[in-house]
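The values are calculated or read from the model by the stated rules, or taken from the named source; none is laboratory data. Computed from a prediction, not measured in an experiment: that's the story for all the values here. When we count neighbours, we look across all protein chains shown, and the Cβ atoms used for this are built from the backbone with ideal geometry, even at glycine. Just so you know, the surface numbers come from the protein's heavy atoms only, side chains and all, with ligands and any DNA or RNA stripped out. Shrake-Rupley method; radii C 1.70, N 1.55, O 1.52, S 1.80 Å.
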Amino acid sequence: MTCVGTTTNCTACLSTYKLYGTTCIDICPTGTYDGTVVGVNNVVCLNCTSPCLTCSTAGSNCTLCASPYYLWSYQCVSLCPAETYANSTTRTC
């Protein structure tokens, strides 16, 4: 781990940890995903793209959408495609 002064002022983490801002953590928090950044040798927690509440493998690869959007094919849509319906309980098409 490469930290300056405190464990919340890090620029690198041990291989089992992820860099979240300037802190090394075990698991990326909700609203972020395990990503990579050029020039950083660690896995870093990157923000999901709005309106994704949760995502995986990429910021725009949504797994849960903020209201009033619905999840369809890993995307948040305001209207569900033809031959699908909006499920307001699961927020999916």
Calculated Kirkwood radius over Cα pairs in Å (choose from [x] 14.5; [y] 13.1; [z] 14.1), label: [x]
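Assuming R0 = 25 Å, can you tell me the calculated FRET efficiency for the pair A58 and N87, based on Cβ-Cβ distance, to the nearest 0.05? Intermediate results must be reported in sequence, preceding the final value.
Values: r = 24 Å, r/R0 = 0.96.
With a Förster radius of 25 Å, E is 0.55.
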Label point distance in nm, I27-N47, each placed 7 Å from Cα along Cα→Cβ: 2.3
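By average Cβ neighbour count within 10 Å, what is the ranking of 75-87, 8-20 from highest down?
Details: 75-87: 12.7, 8-20: 15.1.
Ranking, from highest mean packing down: 8-20, 75-87.
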Antiparallel %, DSSP beta bridges [both residues in the chain], to 5: 90
Relative packing of peptides 28-35, 58-65 - highest average C-beta neighbours within 10 Å first: 58-65, 28-35
Å² per residue, accessible surface of segment 1-81 at 1.4 Å: 62
